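Just so you know, all these numbers are worked out from the coordinates, no wet-lab data involved. Since the model is a prediction, treat every value here as computed from it, not as a measurement. Counting neighbours? That spans all protein chains shown, and the Cβs are built from the backbone with ideal geometry, glycine included.
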Amino acid sequence: MLGLDRVRTSWNGASLATRFGLAGGLVLLVFGLLVGGLTAQRIQQTVVRNTATAAALYMDSFLHPVVESYVSGQSPSPAMRRALQEVLPGTPMGDRVLSYKIWRPGGLVIEASDPELIGRIFPPSDELRQAWSGRIAATFEDEAEEEDMAEHALGVPLLEIYSPVRADWTGEIIAVAEVYVADPKLKADLTASRNMALAVVGGAGLGLGSLLYAIVYGGSRTIERQRRALDRRLADLRRLSDRNEALRLRVQQAAGRAVLSTEHGLRRIGADLHDGPAQYLAYASLRVDALGRAMDHPPGELADLREALDRAMTEIRAISRGLVLPEVAGLSAPQIVRLAAEAHGARSGQPVDLAVEGECTAPLTPALRVCLFRFTQEGLNNASRHAPGSDLAVVLSCSAAVLRLAVRDTGPGPASEAAPGLGLSGLRDRVEALGGHFGLDRRDGRTELWMEVTT
């Protein structure tokens, strides 16, 4: 498997031209060998058939009279042997004919240059059956069979020719003459033809492969240049993305610090309101009470003044409590949301249903803790302001990497947002500063104010 993995890695790392050269070269090699082999085989069959036909016609000119004159029945003829021994050496092919056989139907040898084969019966070969069907058959350097072991033992190229012998008047095939001709020149011609066929096919394949490789090589170089250019652009985009991500984190961190700074400022403002104007109003209220007790008949405006002072002091104290953020450091998301919901219920007297979905165990940044508390606080305040008496619900949902907080009521929803920084616009800025999403939806008779952040 390790070697296969290396081959696969090397293949995938090679250029398109290299892969095409290897794969195309292998295909062209196999195709060239196949086509060259088939072409050479076809040439050999044609040359052997033509040579055998010419030789058979030539041999038939002197074998036919001898064979037809002495073939009678199924018995070998001593006269035929003598006639062949006298006639065959005097022919131009006599010195090339190594041996011969005269066959009768059924695989019977009635005459042969080897006297031991006369009178024996052998299983008919394919070529012998073809000759009995009336066609000239020939083989060149085929495998040795039982009846021609002696000829193949000579170790010379042999052309076996099977020629049917017909009767003059009836055309009936009366015998088959088998001749073994030594033909070294034929072998040399066939070898040259085979080599030429392989050279032609190989040259054509090499030329075609080279042309295609040149085309693919040009395209591969273009693709490589474009790929390198794309890699450089991708690297630039990655660096830009990393830089943007770093800037985004810095902006979020700065926004978090700004939120904490704002909360500290609000805490100081709340403390100043509680310790400053609220104390002066309380002192003024006490002085008005003392003045009223000192007068026998205090005017009605004095009571109205005391009531106004008490109402102003109550509102300042409420504003002070709203500006001062309770201690949320170290609290989990459900604890922070529950703290804001309970504070709203205690202040307004309106119950709030709290539901927590999922395991909210992800760590929280200080800015996110403040955002969760302020979002719940402002969302419930808006719901109470725009839908007094409606059912209030807070749903905290936590998944693998997303925290979602929603404040729901059954009222018609706010007609307009409060002043920027104090109403929904301020909540949106808080959430988006943390890289989250903010929305206000109205569906199925319910108003839902929601936020989503990635933890």
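Extending 7 Å from the Cα toward the beta-carbon at both Arg8 and Leu291 defines two label points whose distance is 9.4 nm. Under 5 Å between amide hydrogens, built in the peptide plane, is the criterion, and for Ser99 it picks out Tyr180 among residues at least 5 positions away or on other chains. Our coupling estimate for segment 201-213, obtained by passing each phi through the Karplus curve with A = 6.51, B = -1.76, C = 1.60 and θ = phi - 60°, is 5, x, x, 5, x, 5, x, 5, x, 5, 5, 5, 5 Hz, Gly and Pro reported as x.
Here the label points at Trp169 and Ile43, each 7 Å from Cα along the C-beta direction, are separated by 4.9 nm in the simple model. Taking label points 7 Å from Cα along the Cα-to-Cβ direction, Thr365 and Arg135 give a separation of 9.1 nm.
Shown for Leu198, Leu4, Leu38, Leu392: other C-beta atoms within 10 Å of each C-beta, ranked fewest to most, produce the order Leu4, Leu38, Leu198, Leu392. I need the calculated FRET efficiency for the pair Leu211 and Ser241, taking r as the beta carbon distance and R₀ as 56 Å, to the nearest 0.05. That pair, Leu211 with Ser241, gives E of 0.80. This ranking places Thr51, Thr170 by how few other beta-carbon atoms lie within 10 Å of each, fewest first, which gives Thr170, Thr51. Computed packing ranks the peptides 206-213, 398-405 as 398-405, 206-213, most packed first, by mean other Cβ atoms within 10 Å.
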